[in-house]
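The values are calculated or read from the model by the stated rules, or taken from the named source; none is laboratory data. Bear in mind that the values here come from a model prediction, so they are computed numbers and not experimental data. Quick reminder, even Gly has a Cβ in these numbers, built from the backbone with ideal geometry, and neighbours come from all protein chains shown.
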Amino acid sequence: MSSGNIKNVVFDIGNVIVRWAPLEIVRLTFGEAAASEQLAKSIFQSDTWMALNKGAISESEAKVQYQQALDWSDLECERFFYYVKQTQILVFGSVELLKRVKSAGYKVYALTDNVHEIVAHLKSQYSFWPLFDGATVSADLGLLKPQPEIYQSLLSQHKLQASETVFIDDMPYNVAGAKEQGISAIQFENSQQCEAELKALGLSF
């Protein structure tokens, strides 16, 4: 594939545009002593969290499931979902990068495994969402990265050519999933590194 023909830049949201920190959420919710990798796994790798990301259940239904499965109180549920949203601070330099790419004439999109209520929070809290020319969200589709179908949905939904598209994600398996569909992909570490890799692909902004 020749470089220099990229027209579309697709951004993941968690740990690309905003911070996503499961251990921190657990620490803030349950306190330092209780916080552990194991507890974070039992919450964020649970069927409940998957169903929430696939749009199969609402946040209020998830609260009920967590109360039953993990014996949480109402207060713990409220605190957990508060910190899920409030810890999602902007990643340094990413919105500026998005704006510069867009103003150089490239189309910009979002592809995110995300929850309806979190997306609503991000839209109300920050001004970056309207910058996207379109967004493909797991909860709208019932699909998660790196399922091939979610990348195909991105392309068909926004009428994009894989060969003209680059995808940016922090997770290596999501990057690999995009590449398998013929989409160029960059593993995000920080906005400076991401900018350098975009320019190496032939983008100019």
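Observations, loosely collected:
- Test: residue in the stretch 11-30 that is surrounded by fewer than 17 Cβ atoms within 10 Å (Cβ to Cβ), among the hydrophobic types (A, V, I, L, M, F, W, C) and in contact with a helix residue (DSSP H, G or I) (Cβ under 8 Å, 6 or more places away or on another chain): yes
- A single entry from TYR83, TYR109, TYR66 fulfils the requirement of being crowded, with 16+ Cβ neighbours inside 10 Å and either acidic (Asp, Glu) or touching a His at 6+ places or on another chain (Cβ under 7 Å) (or both): TYR109.
- Some residue of the stretch 189-197 being in the same structural domain as TYR106 (by the TED database), modelled with pLDDT of 95 or more, surrounded by 15 or more Cβ atoms within 10 Å (Cβ to Cβ) and in contact with a Pro (Cβ under 9 Å, 6 or more places away or on another chain): no
- Tally of residues being of a type in the set (A, V, I, L, M) and either at positive phi or part of a strand (DSSP E or B) (or both) across the stretch 77-124: 4
- Unmet requirement for ALA135, which otherwise passes all of (1) touching a residue at least 40 places away in the same chain (Cβ under 8 Å); (2) of a type outside the set (Phe, Trp, Tyr); (3) surrounded by 15 or more Cβ atoms within 10 Å (Cβ to Cβ): (1)
- Residue selected from the stretch 143-182 under the condition part of a helix (DSSP H, G or I) and either of a type in the set (Asp, Glu) or not assigned by the TED database to the domain that holds ASN114 (or both), by the criterion surrounded by the most Cβ atoms within 10 Å (Cβ to Cβ): GLU164
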